[in-house]
Amino acid sequence: MLPITLKNAVLLKDMSIKAKKKNMAVSFFVLNIVIALFFLLFLLISNVSLANNESFDIQNFTYVFDGFIITISAIICIVVPLETGPAISNERERQTLDVLLTTNLSNFDIILGKYVSSVIYTLSIVVSILPFLTIVLLYGGITLLQLFAVLLSVLATAMYLSTFGIFFSSVVRKSSHAAAVNLAMVFIIVIGSMFLCLTTKLTFAIFNGRSYGSFTSGDWIYAVLYFNPATTVYDILDKTVGLSMGSGSSYKGMARILAEISDFDPSNFFIRYWWIVSYILQTAVGVFMLKNASRALYRVNRKKHGKKTDN
Amino acid sequence: MLEIQNLNKSFGTFKALNNLSLTVKDGELFGFVGANGAGKTTTMKICVGLERADSGSVIIDGNSVLSRRSLSVLRGKVGYVPDFFGVYADLTASEYLHFFAGTYNIWGKAADTLTDNLLELVNLSDKANTQVDSLSRGMKQKLCVARALVQNPKILFLDEPASGLDPKARHELKEILKNLSSMGKTIIISSHILPELIEMCSSIGIISHGEMKFNGSVEDALALSAGGEYIEITFSGDPGRALSLIRECPFVKTAEPTASGITLTAAGSDREYTELLRKLVTNDIPVATFAKKHENVENVFLNIMEGKTNVADNA
């Protein structure tokens, strides 16, 4: 008996197809080899240091962990758009979408099946690296709770970015185009939002003849960073494991950064609990994207047929 | 079972359907004939809810396709095989059918039984564990028909299902469709290969430029070809004044010289044709052959599509 949540034919079909694909096994293998080598190298260096009676700082492990999580997040920012890009457009290219749309499945069922299948794929990547991360637990410096909190934030990032992927996959007809648009979108969300903050602040500073750091007009632009999952992961990572960067402020995460670059009060709920506000907003955006993907499914398909004259 | 009234659909300035009306009775095997671009696929897509009509009505089993609420009810009653395979190459035939069973909320043992039965129905039981990708075109098409039957629909729309199939696969498909028809399913099948439809359909509709030119029984359609009778005369030597002798006959409507002899259309009896032949022979015309022929079925339909044949009562 399947759980109700898994009783989505599209989800089961996609999982079955993905499980059969050789490139999935190969990519997992390569990823795990790279991570294994990374940790082996780190352990080797640590052991050599210990053998030479050099000091060994346990804190090094947390830095490695931080760097590792940031790297995995970056990988997810690339994998998710490539994975979700073809989700719907592939069905369209394969001409199976028409058939799907005549079944009992609602448009949202199709979208949800595709979305959950993409999230499970990303989840499987995260799960596959868990054994390596336990090395950090073994040497100490990070608790199990902290580890899971950080991993969940990575997964939440994947879930958020997947909604954009599914949306663009349903509005862009070609898989390759959809993947490219998705990558561009992720770039805009992660890097573009930071660039937008920087340029807006600079513009305000230039127009008011003041320097960037001292001028606080335009601080509202930082609100766009709530939609940037990198800031959310950073907030959680700094508040749980801790990052080496930053001053000796008593605040952590985005509150520490914003306290330095803006006039915001870091004790303000919206700043202090950045990750909570961020997740609420990102969830709302995600639901909005999925709903619109569902609407676009039928409309884009009809447009495609509308262009056909060989009827 | 299916009643289409004054259906209109335009794509930009192109009018795909123009006041199209059509009726298909319960249990009929209906052939939908028309050239490429005539509007067959558009009509079918509107019927299965993939396209929205600009105006008109489509009623299937008492439910309007154009109403959203009815459409969800109709999903379970209507099967659709598009003019392309629409298969997942990475799945086996059995997995493919299991997937579509799931789309109709049929799971577990019920899905297993259904899949086995459908594969048996389309003679693909031995291919259950074969990757869809490695099936032949004919087998893929049969699998698509099986897929369209997953929800046990009352009415089945098949868009050019025999297109690109070899004669053996066509024959097998035809047998499957006849079998389904005998099971009481209403089947609407489109094609531009007319003799194929004539053989298996009980009624046909001829569509041209989005307009219904004929809608009736195959017998009625074939009766139209009776009017397409002509006589072909060939000569072993110089036909001389044969043409003027032929044109003198009162029952001859037209007489035109051709590369091989003379072709004439006439409304005479067999006896009058015998008299004509005798007249030619007694006038020393070297007649080699004198044959009464029926216009080719394809030509009759072509004439109907082009409006050369009057079918006003049937349309």
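With a 10 Å cut-off around each Cβ of B:150-158, the average count of Cβ atoms from other chains is 1. In terms of its C-alpha gyration tensor, the protein assembly as shown has a prolate overall shape, because the principal axis ratio a/c (a ≥ b ≥ c, square roots of the eigenvalues) is not below 1.5 and a/b outweighs b/c. Counting Cβ atoms of other protein chains within 10 Å of each residue's Cβ and taking the mean over peptide B:98-111 gives 5.
For chain A, the longest principal axis of the alpha carbon atoms and the long axis of helix A:9-20 meet at an angle near 70°. The modelled label-to-label distance between B:Glu175 and B:Ser202, using points 7 Å beyond Cα along the C-beta direction, is 2.2 nm. Determine, from the Cβ-Cβ distance of B:Ser55 and A:Leu196 and an R0 of 35 Å, the FRET efficiency 1/(1 + (r/R0)^6), rounded to the nearest 0.05. For B:Ser55 and A:Leu196, the calculated efficiency is 0.15. Between B:Gly216, B:Gly62, B:Gly237, the residue with the greatest mean-square fluctuation in the GNM of chain B (Cα pairs under 10 Å linked by springs) is B:Gly237. Normalised size of chain B, defined as Cα radius of gyration per 2.2 N^0.38 Å with N residues, equals 1.27. Relative to the globular-protein estimate of 2.2 N^0.38 Å, the Cα radius of gyration of the range B:3-160 stands at 1.12. Protein heavy-atom surface of the range A:57-310, 1.4 angstrom probe: 69% of the accessible area is carbon and sulfur, with nucleic acids and ligands not counted. Heavy-atom accessible area with a 1.4 Å probe sorts A:Arg173, A:Arg295, largest first, into A:Arg295, A:Arg173. The mean accessible area for residues of chain B, using a 1.4 Å probe and ignoring ligands and nucleic acids, is 44 Å² per residue. Ligands, DNA and RNA excluded, the heavy atoms of B:Phe99 present near 10 Å² of accessible surface to a 1.4 Å solvent probe.
Please identify, among A:Leu41, A:Leu123, A:Leu225, the residue showing maximal mean-square fluctuation in a Gaussian network model of chain A using a 10 angstrom Cα cutoff. Its mean-square fluctuation being the largest, the pick is A:Leu41. Pairs of lysines in the range A:57-310 whose Cα atoms sit within less than 15 Å of one another amount to 4, provided the residues are eight or more positions apart or on different chains.
The mean number of partner chain beta-carbon atoms within 10 angstrom of a residue's beta-carbon across peptide B:39-46 is 2. Can you tell me how the range A:95-222 classifies by the Cα gyration tensor, rounded, prolate or oblate, using a/c under 1.5 as the rounded cut? Judged from the Cα gyration tensor, the range A:95-222 comes out oblate (a/c at least 1.5, b/c at or above a/b). Each residue of the range B:164-170 is assigned a 3J(HN,Hα), and the resulting list reads x, 8, 6, x, 5, 5, 5 Hz, derived from the Karplus form 6.51 cos²θ - 1.76 cosθ + 1.60 (θ = phi - 60°), x at Gly and Pro.
Here the Karplus curve 6.51 cos²θ - 1.76 cosθ + 1.60, taken at θ = phi - 60°, turns the phi angles of the range B:181-193 into couplings of 5, 5, 7, x, 6, 8, 10, 10, 10, 9, 6, 10, 9 Hz, with x standing for Gly and Pro. Between chain B and chain A, roughly 3000 Å² of accessible surface gets buried, counting both sides and using a 1.4 Å probe. Each peptide in B:90-98, A:147-155, A:24-32 was scored by the mean count of other Cβ atoms within 10 Å over its residues; highest first, the order is B:90-98, A:147-155, A:24-32.
Mean residue ellipticity, 222 nm, helices only, the protein assembly as shown: the sum of -39500 (n - 2.57) across DSSP H runs of n ≥ 4, divided by residue count and rounded to 500, is -17500 deg cm²/dmol. If you run the Gaussian network model on chain A, springs between alpha carbon atoms under 10 Å, then out of A:Ser73, A:Ser176, A:Ser294 the most flexible one is A:Ser176.
Sequentially through the range B:44-51, phi angles give Karplus couplings (6.51, -1.76, 1.60; θ = phi - 60°) of 5, 5, 5, 5, 9, x, 8, 10 Hz, Gly and Pro residues having no value and appearing as x.
Accessible surface computed residue by residue for the range A:57-310, with neighbouring protein chains in place and a 1.4 Å probe, gives 43 Å² per residue. Shown for chain B: the carbon plus sulfur share of the solvent-accessible area, taken with all protein chains present and a 1.4 angstrom probe, equals 48%. Amide hydrogen proximity for B:Ser208: with H placed 1.01 Å from N in the peptide plane, the residues at 5 or more positions away or on another chain lying under 5 Å are B:Lys213. Near B:Phe11, the amide H atoms lying under 5 Å from its own belong to B:Ala16; only residues 5 or more places off or on other chains count, and H is placed 1.01 Å from N.
Take the Cα radius of gyration of chain A and divide it by 2.2 N^0.38 Å, N being the number of residues; the result is 1.15.
The values are calculated or read from the model by the stated rules, or taken from the named source; none is laboratory data. Because the structure is a prediction, the values reported are computed rather than measured. Neighbour counts run over all protein chains shown; Cβ positions are idealised from the backbone, glycine included. All accessible areas refer to the heavy atoms of the entire protein, side chains included, with ligands and DNA or RNA removed. Shrake-Rupley method; radii C 1.70, N 1.55, O 1.52, S 1.80 Å.
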